[in-house]
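The values are calculated or read from the model by the stated rules, or taken from the named source; none is laboratory data. All values reported here derive from a predicted model rather than from experimental measurement. Here the Cβ is made from the backbone with ideal geometry for all residues, glycine too, and neighbour counts use every protein chain on show.
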Amino acid sequence: MKPTVAPFPATRLRRLRAMPAVRRLSRQHRLSVDDLIWPIFVMAGRDDEHAIPSMPGVTRKTVDRAVQAAQEAHKLGIPAMCIFPYTGMAERTEDCALAWSPDNISNQAIRAIKDAVPDIAIMTDIALDPYNINGHDGFVEDGRIVNDRTVEALVKMSLAQAEAGADILGPSDMMDGRIAAIRSALEAAGHIDVAILSYTAKYASAFYGPFRDAVGASAALTGDKNTYQMDPGNAQEALRLVERDLMEGADMVMVKPGMPYLDICRLVKDTYGVPTYAYQVSGEYAMLQAAIQNGWLDGPKVMMESLLAFKRAGCDGILTYFAPEAAKLLHRL
Ligand SMILES: NCc1[nH]cc(CCC(=O)O)c1CC(=O)O
């Protein structure tokens, strides 16, 4: 559609920018608290929090503190939180058995939060990296990340999370065939209403560095994730992945990272029109915070502008470490 533009001065595009009220009235896209998913990091212990130096303002929290955070998020109207476990070297093994233990820290947090704040949607992460001795999302055999055996483990992990009360499962591993396997296992186990938000177009990105510090994976990780995560040069492959994941039973799809991949968000939304999410990842957060802390960028303004950009690019929601801050601003608190 080509917009109609009468010749100047009949058209003066500045008319609709002349005052705040008219700008509000004519704004096409807006951010709401309904768009926010808040990722949090949980760790063992009680009544404690540890700062993550590469993610200023973000902490790892013990389960009781995570429950408090969920209460705060719920009060702010944030619809969903996503739980990531911190694990030390001692909890990492070659067989990754802790990944599907009903009592791992992530499943403890899911249960505790669902118990205290049943109305907040709890999203999870499905990948072996927090439990793997070598920091990879899949099992490693002879230096290769193996697909099919990993999918079997991911299914067990998914069932344990659904059993703990998770509402939305987030497979972030990028193995082939995992969505179909997880979906059929959920159906067979009676978890018919558990949604899958697939990390569908997840790129092999340098923007995940601070997250790997946060979950304790940086020290463990050997090599890179290039044989399973997407090549940053590819766009059309994202569409094949979205189609594949939808056919396998994903309810929602994700593009990750966010800001450097807004073109992919737009492409996915325009092509499939399905619930589409982006992850404003740890490195994007760190990059903005670094400039904010130096006084080089205006924190609240740059945060809101960066989040609005996702809406303009077609996203239905954003995973962002800024979620509580953004919610407060949206409520003018
Ligand atoms: N499966 C692990 C996972 N889940 C979410 C993120 C990154 C999130 C962020 O950077 O904020 C990663 C890191 C990775 O793939 O190495």
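Report, by residue number, each residue of segment 291-330 that is closer than 20 Å to Tyr208 by Cβ and free of Cβ contacts under 8 Å to residues at least 12 places away in the same chain. Hit for segment 291-330 is Ala291, nothing else. Evaluation of Arg144 against the conditions (1) surrounded by fewer than 22 Cβ atoms within 10 Å (Cβ to Cβ); (2) under 28 Å from Val63 (Cβ atoms); (3) among the basic types (Lys, Arg) shows that the sole unmet condition is (2).
Based on this model, can you work out whether Gly258 counts as away from the ligand (no atom under 16 Å from the Cβ) and modelled with pLDDT of 95 or more? So Gly258 does not fit the description; no.
Considering (1) crowded, with 16+ Cβ neighbours inside 10 Å; (2) within 16 Å of the ligand (Cβ to nearest atom); (3) farther than 17 Å from Met55 by Cβ; (4) not hydrophobic (A, V, I, L, M, F, W, C), the lone condition that Gly314 does not fulfil carries the number (2). Considering only residues in segment 102-141 that are surrounded by 22 or more Cβ atoms within 10 Å (Cβ to Cβ) and part of a strand (DSSP E or B), the one that is nearest to the ligand (Cβ to nearest atom) turns out to be Ile126. Just so you know, in segment 244-263 the residues that are farther than 22 Å from Arg312 by Cα and not basic (Lys, Arg) include one that is surrounded by the fewest Cβ atoms within 10 Å (Cβ to Cβ), and it is Met247. Could you tell me whether segment 33-52 includes any residue that is more than 16 Å from the ligand (Cβ to nearest atom), touching a Lys or Arg at 6+ places or on another chain (Cβ under 9 Å), within 19 Å of Leu330 (Cα to Cα) and touching a residue at least 12 places away in the same chain (Cβ under 8 Å)? Scanning segment 33-52, I find at least one residue that is more than 16 Å from the ligand (Cβ to nearest atom), touching a Lys or Arg at 6+ places or on another chain (Cβ under 9 Å), within 19 Å of Leu330 (Cα to Cα) and touching a residue at least 12 places away in the same chain (Cβ under 8 Å), so the answer is yes.
Residue by residue, here is whether (1) assigned to a helix (DSSP H, G or I); (2) among the aromatic types (Phe, Trp, Tyr); (3) over 18 Å from the mean Cα position of the chain (by Cα) holds:
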residue: Leu16; (1), (2), (3): yes, no, yes
residue: Arg23; (1), (2), (3): yes, no, yes
residue: His29; (1), (2), (3): no, no, yes
residue: Asp34; (1), (2), (3): yes, no, no
residue: Ile37; (1), (2), (3): no, no, no
residue: Phe41; (1), (2), (3): no, yes, no
residue: Arg46; (1), (2), (3): no, no, yes
residue: His50; (1), (2), (3): no, no, yes
residue: Met55; (1), (2), (3): no, no, no
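Looking at Leu246, is it out of contact with any helix residue (DSSP H, G or I) (no Cβ under 6 Å at 6 or more places or on another chain), of a type outside the set (S, T, N, Q) and in contact (Cβ under 8 Å) with a residue 40 or more places away in the chain? Criteria not met by Leu246. One residue alone among Ala201, Ala217, Ala278 is within 9 Å of the ligand (Cβ to nearest atom), closer than 25 Å to Leu159 by Cα and surrounded by 17 or more Cβ atoms within 10 Å (Cβ to Cβ), and that residue is Ala217.
Has segment 230-243 got any residue that is within 14 Å of the ligand (Cβ to nearest atom), in contact (Cβ under 8 Å) with a residue 40 or more places away in the chain and surrounded by fewer than 16 Cβ atoms within 10 Å (Cβ to Cβ)? No, the conditions are met nowhere in segment 230-243.
From the set of residues in segment 166-198 that are among the hydroxyl-bearing types (Ser, Thr, Tyr) and under 17 Å from Phe84 (Cβ atoms), which is farthest from the ligand (Cβ to nearest atom)? The residue in question is Ser198. If you go through segment 57-100 and keep only what is in contact with a helix residue (DSSP H, G or I) (Cβ under 7 Å, 6 or more places away or on another chain) and surrounded by fewer than 16 Cβ atoms within 10 Å (Cβ to Cβ), you end up with Gly57, Gln71, Glu72, Gly77.
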